[in-house]
Amino acid sequence: MSDLMFPHESGQKIAPWLEPLWNGMSLEEFPNAVLIHGQSGIGKFEFAIELAKALLCETSTGSKPCNHCEACRWFNSANHPDFIALVPETHRKLLPHCDFDSETESPKKSKVSQADVDSDAPEKKEKKSIAIEDARSAIEGLSIGTHRGGNRVILVYPLEMLRPDSANTLLKSLEEPPKNNIFILLADRLDRVLPTIRSRCRLLSAPRPDRASGLLWLRKQLSSMADLKISDADMESIYDEQGGAPYSVLESLIARHNKDEKDELTIAIQASRYLLQAMSQGARINWLDAADKTQKARYSVLLATMQRWVSDLQSCAQMGSPRYYPKHESAIKTLAQQARLPKLLRFWKSLIQARRHENHPLATRIQLEALLSQYQQVFED
């Protein structure tokens, strides 16, 4: 059985909950820089790809993108000379039209990222930030006229992952934007974007769908994937665990189906499940073992899991109901009664502080041990 791939809809490219945002845009009066922000996994990237194609589309009548003009065909085949995508190696797979040579595993086009060219070794650890040389290489040529005589679009994702030197390079271009150059910047966490960059962009907030709309969209995607079978109960459980982000849920389901043990998302799913089992033990948590078994997953994913668990604990401690892990409601309510509220609030603040530095190159295991040890103390006098 062949591995399932993330589906690309032939018709509708914009998620239903993002259509109002799309319909409110004017391509004729588009600003030189927009910053689209919102929760990870709600379709921002797919939205931005379609927006970039529309801005490059050369049709004179009808809606854009037309998907028929020469510019659209070039874009669809990853050959448009006026489209530049700046993404780190870890996010390279999110570029839907990036073709790789089957023998060398290097991109056929080097304009996407110079870092891609250097990633031939299969065991090489992928970089999570956009290298300064990539940013400089992309921005140096912006003062030159566009190849097609129209717009040039520069897509940057995720914006908050830019290193300070790369961010400063980008800032200089935003301060004095060359003619016909349009920046589409994407951020999952707006609070982590430099204020100087935010102030030079039009901010567009991408909403998360309501639960019913998100689940309806998921069922539609899954209906076209015959090999992927999942019950409604399991799908809804994962939907809640992922914070109501439909694209993240679909990616999680595909990764689980493909059973790729080395896939980053598969590792994250398994680690999160183990972490939840450990945290459900409360004062009896074996925090050394939990840190050891989950340390290979991305630290940001583990922190998000802990935050959601603690959020549910706080909700139940105040006579509410769990939002993220309703299937663990019984265990969460029991723990909420055992938790010392002042300690729980201090632990919550520790998680917030940890998230501010989650991308720093620190030892994941040591940080996890410190946090999980503190979590154990939440239930002790």
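Quick note: the coordinates plus some simple rules give every number you see, no bench work behind them. Every value quoted in this text rests on a predicted model; they were computed, and no experiment measured them. All Cβ positions, glycine included, derive from the backbone under ideal geometry; neighbour counts span all protein chains shown.
Below, the figures for the structure above:
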quantity	calculated
Linear extension gain, His257 paired with Asp292, 0.36 nm per residue minus alpha-carbon span	10.1 nm
Cα-based convex hull volume of the stretch 277-381 per residue, rounded to whole Å³	90 Å³
Karplus-derived HN-Hα couplings along the stretch 68-85 (A = 6.51, B = -1.76, C = 1.60, θ = phi - 60°), whole Hz, x at Gly and Pro	10, 6, 4, 5, 5, 5, 5, 4, 5, 9, 6, 10, 6, x, 9, 10, 10, 10
Student exercise, the chain dipole from Lys, Arg, Asp, Glu Cβ charges, in Debye to nearest 20	980 debye
Kirkwood Rh and Cα Rg combined as Rg over Rh, evaluated for the stretch 140-261	1.11
Computed [θ] at 222 nm, helices only, for the chain once each DSSP H run of length n ≥ 4 contributes -39500 (n - 2.57)	-13500 deg cm²/dmol
Positive-pole candidate from Leu228, Tyr239, Leu265, dipole of the chain, charges at beta carbon	Tyr239
Net charge of neighbours whose Cβ lies under 14 Å from the Cβ of Leu215, counting Lys and Arg as +1 and Asp and Glu as -1	-2
Over 30 Å (Cα to Cα) - which of Lys93/Lys172; Lys293/Lys349; Lys13/Lys172; Lys53/Lys229; Lys93/Lys293; Lys44/Lys293 fall in this group	Lys13/Lys172; Lys53/Lys229; Lys44/Lys293
Ranked by how many other beta carbons lie within 10 Å on average, peptides 265-273, 343-351 from highest	265-273, 343-351
Amide proton proximity set for Leu203, modelled H, under 5 Å, gap of 5+	Leu35
Under 20 Å from the His68 label point (7 Å along Cα→beta-carbon), backbone N, the stretch 14-41	14
The stretch 306-381 - charge dipole about Cα centre, Lys and Arg +1 at Cβ, Asp and Glu -1, debye rounded to 20	200 debye
GNM top mover of Ala15, Ala354, Ala187 - the chain, alpha-carbon springs below 10 Å	Ala354
